[in-house]
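Here is the structure we will look at, set down as C-alpha cells.
Each value in this text was obtained by applying a stated rule to the coordinates, not by laboratory testing. Just so you know, these numbers come straight off a predicted model, no measurement behind them. All Cβ positions, even for glycine, are placed from backbone atoms using ideal geometry, and neighbour counts span all protein chains on display.
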Amino acid sequence: MKSSHGMKNLCIAVLLVTTVFLWGGDSYAADRAELAGIIKTIPPNGPYWKYGTLEMRRRTKKAGMAAVVFAHWSHRTRYTCRVCHEELGFSMRSGDTGISRAQYVAGKYCGACHNGVTAFTVQEGTVRHCDKCHVKETTALEKQFEAFAKELPFANFGNGIDWSEAIKTGAIHPQNALTGEKPILPLPAKLKVPMKLGTAAPRSDVTFSHEEHYFEMDCSACHPDIFNIKKKGTKAFNMENNIYGNYCGVCHMRVAFPMTDCKRCHSQMSGNYVPQ
Ligand code: HEC
Ligand code: HEC
Ligand code: HEC
Ligand code: HEC
Ligand code: HEC
Ligand code: HEC
C-alpha cells in the first residue's frame, strides 16, 4: 500500500502544476522577466529524505572510509538547531567545521552524543558502529524516513514536512540543550511583533517573525553575520541572493523549507514554483 504521505504528495504535485503563478503589474514586466530567469536557478527539490541530508567526505576518502551521511530530519526532531549550531559549535556552512576522528572520539561534535549513552558510540570496541555513520547504502535510511514522515504534518517542499506545524502541534519535541532543558528566555516585546520586509515589487511583502525562529536558535545564528540588526540595513537583500544561499537562503535552501515555497514567505502570492 502507498503511504498517505506519498498520496498527498501526488495530489499536491498535480495541484501545483495547475496553480497560476503570478505577481503581475505591467510596470514590472522587465523585472519580472529577469526575476523569472533567477527563479529558474532554484534546483529541483529532489527526494524528501535527501533534503538537508549531508554527505561528509572531506577526510573520509583519503582514510579509505565511506562518506558520512548525516540527516538533519532525524536529528532536528530531537534537538533544536541551537544545540548543535551554538552549544556544540557545528558551522552552518557545509565542511566548515572540519571534523576529525580525533576530535569526535574525544567527545567533541558528533561524539558529544554518540558516546554509547545518548546514542550509539563512535569508539572502537567489540561492537563497532562505524558503518552506521560511514554509509555505503542509504536504503535503510530512506525506509526510516518513510516510516517517520508518515506521522508528521505535510508540506509541499523540502522534506515534505511542515516543521513549524510539527512543533506547534507537539508532534515533535526537540530538546533545547544537550543536558536537560534550557529555558528559552522571553523575547523583547518589540521583537514579538512580526516584521514587515519586502520591496516595491507587487506581492513581495514578507512577514518575518523573530518568535518563530527564536524557538530554534539564538540571535547569534543570524546577527551580525547574516543580517544587519538595523531594519532595512541588510545590503543587496533580494531573491537572487536568497537563492544563491545567502540571507534567508542560508537555511531556507538547505535545511528549513526551500525558496520554492513562495507562499510561506510571501503570503500574497497565489502559488508556488515547480522547477521543471
Ligand atoms: C545534531 C546536530 C544538528 C542539529 C540539531 C542541526 N544541525 Fe545543522 N548541521 C549539523 C552538522 C554536523 C552540519 C555540517 C557541518 C559541517 O559540515 O561543517 C550542519 C550543517 C548545516 C547547514 C549547512 C548545510 C549545507 O548543505 O551547506 C545548515 C544551513 C544547517 N545545518 C542548519 C540547521 C538548522 C536550521 C537546524 C535546526 C532546524 C539545524 N541545522 C539543526 C548538525 C546539526
Ligand atoms: C545532540 C546530539 C547528537 C549529535 C551532536 C549527533 N547525533 Fe547522531 N543521533 C543522535 C541520536 C539521539 C540518535 C538516535 C539514537 C541512536 O540511533 O542511537 C542519532 C542517530 C544518528 C544516526 C542513525 C540514523 C539517523 O539519522 O537516525 C546517524 C547515522 C547519526 N546519528 C550520525 C551523526 C553524525 C555523523 C553526527 C555528527 C556530524 C551526529 N550524528 C551528531 C544524537 C546526536
Ligand atoms: C556518529 C558518527 C560516526 C561514527 C559512529 C564513526 N564515525 Fe568516523 N567520521 C565521522 C565524521 C563526521 C567524520 C568526518 C567526515 C568528513 O568530514 O570527512 C569521520 C571521519 C573518519 C575518518 C577520517 C577522519 C580523520 O580524522 O582521519 C576515519 C578514519 C574514521 N572516521 C573512522 C571511523 C571508525 C574506524 C569508526 C568506528 C570505530 C568510525 N569512524 C565511526 C562520523 C562517525
Ligand atoms: C533567523 C534569523 C534571525 C534571528 C535568529 C534573529 N534575528 Fe533579528 N532580524 C532578522 C532580520 C531578517 C531582520 C531585518 C533586517 C533588515 O531589515 O535588514 C532583523 C532585525 C532585527 C532588529 C531590528 C528591528 C527593527 O524593527 O528595527 C533587531 C533589534 C533584532 N533583529 C534583534 C534580534 C535579537 C535580540 C534576536 C535574538 C533574540 C534576533 N534579532 C534574532 C533576523 C533574525
Ligand atoms: C524564505 C522566505 C522566502 C521565500 C520562500 C521566497 N522569498 Fe521572495 N523574498 C524574500 C525576501 C526576504 C525578499 C527581500 C525582502 C526585502 O528586500 O526586504 C524577497 C523578495 C522578493 C521579490 C522582490 C524583488 C526581489 O528580487 O527581491 C520578489 C518578486 C520575490 N521575492 C519573489 C519570490 C518568488 C517568486 C518566490 C518563490 C519561487 C519567493 N520569492 C520565495 C523571502 C522569500
Ligand atoms: C539560521 C536559519 C534561518 C534563517 C537565516 C532564516 N530562517 Fe526562517 N526558519 C528557519 C527554520 C529552522 C524554520 C522552521 C521551519 C522549517 O524548518 O521549515 C523557519 C521558519 C520560517 C517561517 C515559518 C513558516 C511557517 O509556516 O510557520 C517563515 C515565514 C520563515 N522562516 C521566513 C524566513 C525569512 C523571510 C527569512 C529571511 C529574512 C528567514 N526565514 C531566515 C530557519 C531560518
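Annotations for the structure displayed:
- Alpha carbon convex hull of segment 48-147, projected area averaged over orientations, nm²: 6.7
- The simple spin-label model puts a point 7 Å past each Cα toward its Cβ; for Ala66 and Cys219 those points are separated by 4.5 nm.
- Residue-span extension gain [Thr126 to Gln144] - 0.36 nm each, minus C-alpha spacing: 3.9 nm
- 3J(HN,Hα) from dihedral phi, segment 220-228, Karplus parametrisation 6.51/-1.76/1.60, rounded to Hz, x for glycine, proline: 5, 5, 10, 10, x, 5, 9, 10, 5
- Theoretical FRET efficiency, 1/(1+(r/R0)^6), r = Cβ-Cβ of Lys108 and His210, R0 30 Å, to 0.05: 0.45
- Placed amide H near Ser204: partners under 5 Å, 5+ positions off or other chain: Thr199
- Spin-label model, Asn246 to Lys196: label points 7 Å out along the Cα-to-beta-carbon direction sit 2.6 nm apart.
- For segment 156-195, the gyration tensor built on C-alpha atoms gives an oblate shape. Its axis ratio a/c (a ≥ b ≥ c) is at least 1.5, and a/b is not larger than b/c.
- Scaled radius of gyration (Cα, divided by 2.2 N^0.38 Å) that the chain gives: 1.09
- Contact order relative to length of segment 162-230, as percent, for alpha carbon pairs under 8 angstrom and 6 or more apart: 21
- Glu86 sits among other residues whose Cβ lies under 11 Å from its own Cβ, and their net charge, with Lys and Arg +1 and Asp and Glu -1, is -1.
- Between Lys182 and Lys235, the contour length at 0.36 nm per residue exceeds the alpha carbon distance by 15.7 nm.
- Listed peptides 250-262, 120-132 by packing density, highest first (mean Cβ within 10 Å): 250-262, 120-132
- Segment 112-177: C-alpha gyration tensor shape, a/c 1.5 cut-off, then a/b vs b/c: oblate
- Segment Val117-Lys263, length gained on full extension (0.36 nm per residue, minus Cα span): 48.3 nm
- Distance between modelled label sites at Ala36 and Ser91, nm, 7 Å Cα→Cβ extension: 3.9
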